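Asks: So that we are looking at the same thing, I have put the structure below in C-alpha cells.
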Amino acid sequence: MPSRLHEWVVTVDHKRLGILYIATALIFFAVAGVLAALMRLQLAYPNATFLPPDVFNRLFTMHGTTMVFLVGMPFFAGLANYLTPLMIGARDMAFPRLNAFGFWIFLFGGILLYLSYVTGEGLAGHGTAPDVGWFAYAPLTERAFSRGTSTDYWILSIILTGIGTTASAINVIATIVSMRCKGMTLARMPLFVWLMLVVSSMVLFALPPLTAGQVMLLLDRYLGAHFFDTQAGGSAVLWQHFFWVFGHPEVYILMLPGFACASEIIPVFSRKPMFGRPAMIGATIGIGMLSSGVWAHHMFSVGMTASSNIYFAVASMAVGIPTGIKIFNWLGTMYGGKIRFDTPMLFCIGFLFQFLIAGLTGVMLAVAPFDWQVTDSYFVVAHFHYVLLGGLLFTLFGALYYWFPKATGKMLSETLGKWHFWLLVIGFHLTFDTLHFAGILGMPRRIYTYAPGRGWETLNLIASIGVIFQAAGVACLVWNIIRSLRKGKPAGNDPWDAWTLEWATSSPPSDYNFAVLPEVRSSRPLWDLKHPEDPDWRYE
Amino acid sequence: MTPSIAANATGALQETGALKQPEWTLPDRGRVAVFCLFTTEFALFSIFVVAYIFYIGKSLSGPMPSQVLELPIWATICLLSSSITVAIAERALKSNQIQRFKVWTGVTILLGLEFLRNTAVEWSHLIRDFHLTISTNLFGTTFYSLVGLHASHVAIGLMLLLLAFVLGLRGSMRGQARRFELLAWYWHFVDAVWVAVFTVVYVIGR
Amino acid sequence: MNSSLRIAGALFATVEFSFGQNVHSVANMFRPQATPADSVYNVSMLMLAICAAIFVVVGGLLTFTIVRFRRRKADDPREPAQVYGSNRIEIAWTVIPVLIVLVLGMATARAVVEVQDKRMPADALKVTVIGHQWWWEFRYPDLGIVTANELHVPLSTAAKPAVAALRLESADVAHSFWVPQLAGKTDVIPGITNTMWIDPRQQGTFLGNCAEYCGMQHANMLIRVIVESPAEFERWVAEQKLDATADPRVAAARATFLSLNCINCHTVSGTEAKGTFGPDLSHLMSRTTLGSGMIPNTQENLRAWIKDPQAIKRGNLMPNLQLNSRELDEVVKYLSSLK
C-alpha cells in the first residue's frame, strides 16, 4: 500500500480521523442526495412511471437511513473528534485507538447497508435494499411481511454504526472531563465543547433503546421471538415507543452539533462574545434532559389516551422554550456588533431564519390535534427537512468554510461559497416551503405516486424544480473543495481573527497540536492575548 | 484566598492573583469512560426490563413463570460473592501482592463459571422439560433475552478476568492496578444488574 | 406493452372521473366538514396566529439586526462593546415563551378532550374499519353489511345529527385512516382496536388516504367517504343488505366463477364464495372504483384488473390467476351483474 494511504488507514490521530469522518459523511450526503433527486423526479408529475413502487420505497428508506446515520452522525463525530482536543488544549482524544475503531466500524456499517443493493433479497425477489422506511414500524418488519434479508441489512448496519457512535461519545466525554488544559474549568470551555459534551451524554442514553429494539427485531425475525409479533400478543406500538425514545433525542443529537458550530461562528463574525453564555449552557443542558421526555409526539395518532397526548403535547412545547432562547441569544450576540458576511456567517444567518421557521412548525406539530391532521404527511416531511437541511446542514456548511482553512491551511473561495449559499437557499425554499402546503392539502408521505386533481401537482412540480438549484449549490461546494485544496489562498493560523485555542495552532496543526500545553484564564483565551487591556477574565 | 505563585508551562513565574489554581487534577479518563459505559449499559438493560415487565401476564399460551421458574439462590450467592472476591483481588494487586491477586482472581472466575453453569442447567431444564424456548410465547421471548443479555455480559467479564489471570501468571499485571480496578467495577456492575434481573424475573414476574 | 397503454388510459380517465359526481377531491384540512375536523381547525387557527406573531417579531428583529449592525467600510477597526448578557432581557425572553406555552397548552388540551373523549350517542352508526394490505374493509355490524373501500354514511344536520362511530382494526400491518376534511388521522394497528368518529355535514365524496407506510402499494390505498342524504343512505343500506343478485341470464357465467379459485379469497353473499382475504364482491358494481381508488369501475377496467392485477397494482396480493379468454369473459360478465 502506498505509504500515504497506509498512514490514513492506520491513523489514530484525532485530526485525521475527524477528516475521514467528515469526508465520508460528505460522500454519503451526495449519495443520499441523488436518491432524493430520483424521488423528486418521480413525484414531479402525477401517476408518473419513472420509478416502480418497490424501487421508490427502497429509495426513501435508504435516503432517510443514510442521512440520519451516515451523514448526520459522522458529522457529529468528525467535528467533535477534530476540534475538541484543539479547543481544550490537549494533544489528542482520551482514547485514540477507540477513536479509530469508532470510525472503521461506522464505515463498515455504512458499506453493509449499501451492500444490500447487491446482495440482499427482498419481497418475492423484487427487492434488494431495505424498503421499510427509516423508522421501520413493526409488524411490517417482521418476517411475514418483509421476506428476504433486506431488512436485516438495515438492522445490522444500524447496530454497527450505533456501536461506533457510542464509542465516539464515550471518547468525547472522557476527553472533555479528563484532558482540559490548565485553567480551563468547565465554565470556561468553548460553547462548542459544551454542546458536544451534552450531545455525547444524550447518545449514551438514546442509542441503547435503538440497539435494544434492533436486537429484539432480529430475535423476532430469526429465533421466532414475539417482541413485536402481534399474532402472539406482541405489541407493534412497543416498537414505536422504543424507537422514538431513541428517535426524539436523536434529532437533537443531530441538531446540537449544528448549534455548536453556530455558537462559535456567530460571535466571531459579529465581533462580540456570546450573549448570555451561562444561559446558553443551561438551555443546552435543559434541551438534553427535556428531549428525553417528549418522544410520543411522534405517536399522537396511535391511539394513546387523552391525558398522554396532552402531556406529550405540552412537554414538546416546553422543550421549544430553551431552543427558542438560543435563537434569542444568537440574536443578542449579533445585536450591537459589527457583522461580517463571509460565507460561514452567511450560512449561519440562513440557519437562524430557517431554524426559526423549523422551530415554529415544530411547536405547531406539538399541538396534538393539528398533528393528527399533518403527521405522516408532507407537512412533517417539510418540517424535519427544515430542521435538518435548513438548520443543521446550513450550520455544517458554515462550519466547513470556517474550519477548512484550519484543517488544510488553505482558504475556500468566497465567490464559490456565495454561489453555494444562494443556490442552496433558492433551491431549499422552492422545495420545502411548498411541501408544507402539500401536507395541508392531504398528501401523505411515502407514496410513490398520486392521482391528479388532488391539488398536489403544481406543488410537487415546484418542489422538484428546487432540487436542481440545491444540486447546483452542492456542486459549487464540491468544486470549491477540490479547487481550494490545490490552489486556495494560504490561510495562516487565524484567518478569521477568532478567540478559541484552535486558532493558536498552525494551519494545519502539527501532529502534537501544541508544542507547549496552554494555560487559560477565560473562555476566550485568544481575545485575552489580543486585548491585554480588556481581557475577558476581568468580567467572567 | 491567598495569592499564590504558580509556574506556568513555559517555566516563567506568574502571579495568578485571586484565582487560586495550585493543582490541576482532573478525573482519570479510564474511570470516566467506564462510568459512561455503565450509563449506556444501564439504558440497554432498562429497555429489556421494560419489555419484560410490559409483557408480564400477556402470553397467549404456554408455560407461565410461576409454573416453571425456581429461585436461583445458589447462582445468586456465587455471583454476588464473586464481587467480594474480585474486590479482594483488586486490593491485593494495589499492594503488589501478586500471588494473592492470582488466587482471588481465580476464585472469582470459578464463581462466575459456576453461575453460568447454573444458567445453562436451568435453561436446558426449561427447554427439555417444559418446552419453553424463546419462540414459545411472550414469557419465553422476554425471559431468554433478558437473562441471556445478562449472561453474555457475565461471559465477557469472565473472559477479561481470565485474561487478567493469565497475564498475572506471566507477571505482566504488576503496576496494572488502575486497569484492573476498571475491570472490577465492570464486574460489580454486572452483579448489580443481576440483582435487578433477579427481582424482575424471579420475584415480581412470578 | 399494449396493456400498459390501456392502463395509462384507464388511469387518465380517473382525472375526468374524479371531478364528476360531487367529489371533494382536494382534501384541505382547513376546509373542515365535520366536528372533529372543526376542533382541529379551531385550535390550529390560534396556533397559527401565535406562530405568525412570533415569526414576524423575531424575524423582524433578525432582519433589523443584520442590516443595522453590519460592518461598514467606514467602520473604525476597534471591536464593538463586548456585552456579555443582560439578566433582565434574558428573563423576559424566557417568561414570555413560558406564557405562550401555557396558553397554547390549554387550548390543545381542550381540543384533545373534545375529540377523543366524546361520548358516542346511542344511535351512532357503528362501522368496523379493517385495514388490509392495500385496501379497506368496511363492516356495518348492526346492519349486516360488508363492503370495501367506500364508506357510506348519512349526512349530519343540525336538525338530525348523525354520528358514525368507527372501530379501527388491522388484518396485517399498521395503517392509518385519514380523511382530512372529516377528522385527523387515527392509526390502524394490529392487536389494537382504535376508535374515532365523524359527523359530516356536507354531501358528496370525501377523499382520504392510508397514512402509515404499509408496504409496496401504500400509495394506492385510497379512502372514499360517501356522505348521502338520510333517504339515499337508507336506500343504499337496503340494497347492500340483499344477497348478491342471482340474475338467471348470467347463470353460466356464475357457475364458471364459482368453479375458479376466486372463491378462496372473495365473498359473494348467497353463494359458495365465502373467502375473506380479499374484498367482498357481493355488490361490486355499486362501487365507483377498483383497486382501492386506483381506476374507475368500468367493464374494461374490470377486465384488465382480473386479467392481470399485477400490471395495474404491482405487488398487490391478488395473484394473476392465468385465466383463459373464455373464463375471463365469464367472470367479468358475472361480476358486472353484481349491482
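Just so you know, all these numbers are worked out from the coordinates, no wet-lab data involved. Quick caveat, the model's predicted, so the values are computed rather than measured. Cβ atoms come from the backbone with ideal geometry, glycine included; neighbour counts cover every protein chain shown.
Asks: Taking the Cα centre of the protein assembly as shown as the origin and placing charges on Cβ (Lys, Arg +1; Asp, Glu -1), which of C:Met120, B:Thr25, A:Ala212 is farthest toward the positive end of the dipole?
Replies: B:Thr25
Asks: What's the average, rounded to a whole number, of partner chain beta-carbon atoms within 10 Å of each residue's beta-carbon in A:408-419?
Replies: Across A:408-419, the average partner-chain Cβ count within 10 Å equals 0.
Asks: For region C:125-240, what is the charge dipole size about the Cα centre, in debye to the nearest 20, if Lys and Arg each add +1 at the Cβ and Asp and Glu each add -1 at the Cβ?
Replies: 220 debye
Asks: What number, in percent, do you get for the relative contact order of region A:164-311 if the mean sequence gap of Cα pairs under 8 Å and at least 6 apart is divided by its residue count?
Replies: 28 percent
Asks: To the nearest 20 Debye, how big is the dipole of region C:248-335 about its Cα centre, given +1 on the beta carbon of each Lys and Arg and -1 on that of each Asp and Glu?
Replies: 80 debye
Asks: Cut-off is 10 Å between beta-carbons; in what order do A:Ser506, A:Ser168, C:Ser44, B:Ser135 appear when sorted fewest neighbours first?
Replies: A:Ser506, B:Ser135, C:Ser44, A:Ser168
Asks: Near B:Lys94, which aspartates and glutamates are there with a Cα under 13 Å away, not counting those fewer than 8 places off in the same chain?
Replies: B:Glu181
Asks: Out of region B:70-163, which GluC sites (Glu not before Pro) are coil in DSSP terms and have no more than 11 other C-beta atoms within 10 Å?
Replies: Those that pass, being in a loop and sparsely packed, are B:Glu70.
Asks: Compute the acute angle (0 to 90°) between the alpha-carbon long axis of helix A:414-440 and the principal axis of greatest extent of the alpha-carbon atoms of chain A; round to the nearest 10°.
Replies: Roughly 30 degrees between the two axes.
Asks: Only residues of region A:508-540 count here: report those whose backbone N is under 12 Å from the spot 7 Å along Cα→Cβ of C:Tyr84, or say none.
Replies: Only A:522-524, A:535-540 pass the distance filter.
Asks: Shifting gears a bit: Among C:Glu232, C:Glu90, C:Glu137, whose mean-square fluctuation peaks in a Gaussian network model of chain C (Cα, cutoff 10 Å)?
Replies: Greatest mean-square fluctuation among the candidates belongs to C:Glu90.
Asks: Another question about this same structure. Estimate the FRET efficiency between C:Phe277 and A:Ala475 by the formula 1/(1 + (r/R0)^6), using the beta-carbon distance for r and 51 Å for R0, to the nearest 0.05.
Replies: It comes to 0.50.
Asks: Tell me, what ³J(HN,Hα) does each residue in region A:444-449 have, in order and in whole Hz, if you take phi through Karplus 6.51 cos²θ - 1.76 cosθ + 1.60 with θ = phi - 60° and put x for Gly and Pro?
Replies: x, 8, 6, 10, 7, 7
Asks: Further, regarding this structure: Highest GNM mean-square fluctuation, chain B, Cα pairs closer than 10 Å: which of B:His131, B:His150, B:His188?
Replies: B:His131
Asks: Can you show me the helix-derived [θ] at 222 nm for chain C, built from DSSP H runs with n ≥ 4 at -39,500 (n - 2.57) apiece and divided by the number of residues, rounded to the nearest 500.
Replies: It lands at -12500 deg cm²/dmol.
Asks: Moving on. When Rg is the radius of gyration of the Cα atoms in region A:294-334 and Rh is its Kirkwood radius, what does Rg/Rh come to?
Replies: Result: Rg/Rh = 1.23.
Asks: Any chance you could give the angle, 0 to 90 degrees and rounded to 10, that helix A:343-366 forms with the longest Cα principal axis of chain A?
Replies: 40 degrees
Asks: For region C:187-195, take each phi angle, set θ = phi - 60°, evaluate the Karplus expression 6.51 cos²θ - 1.76 cosθ + 1.60, and give the result in whole Hz per residue in order, putting x for glycine and proline.
Replies: 6, 10, 10, x, x, 10, 10, 9, 10
Asks: Using a Förster distance of 56 Å, how high is the FRET efficiency between C:Cys265 and B:Ser152, based on the Cβ-Cβ distance and rounded to 0.05?
Replies: 0.80
Asks: Taking a cut-off of 17 Å between Cα atoms, list the aspartates and glutamates near A:Lys326, but don't count ones fewer than 8 places away on the same chain.
Replies: A:Glu264, C:Glu90
Asks: Once you sort the root eigenvalues of the Cα gyration tensor of region C:248-335 as a ≥ b ≥ c, which label holds: rounded (a/c under 1.5), prolate (a/b larger than b/c) or oblate (the other case)?
Replies: In terms of gyration-tensor shape, rounded.
Asks: List the relative contact order of region B:67-206 as a percent without decimals, with contacts defined as Cα pairs under 8 Å and 6+ residues apart.
Replies: 32 percent
Asks: Now a separate question. Counting alpha carbon pairs within less than 8 Å and at least 6 residues apart, what relative contact order, in whole percent, applies to region A:2-539?
Replies: 16 percent
Asks: Nearest 20 debye, what's the magnitude of the dipole of the protein assembly as shown about its Cα centre given +1 on Lys and Arg Cβ and -1 on Asp and Glu Cβ?
Replies: So the magnitude is around 2300 debye.
Asks: Please list the non-local residues whose amide H lies under 5 Å from the amide H of C:Glu150, H modeled 1.01 Å from N, same-chain partners needing a gap of 5 or more.
Replies: The list, which skips near neighbours in sequence, is empty: none.
Asks: Please sort by residue number the trypsin sites (Lys or Arg not before Pro) in region C:54-95 whose DSSP state is loop and whose Cβ has at most 14 other Cβ atoms within 10 Å.
Replies: Listed in order of number, the matching sites are C:Arg72, C:Lys73, C:Arg78.
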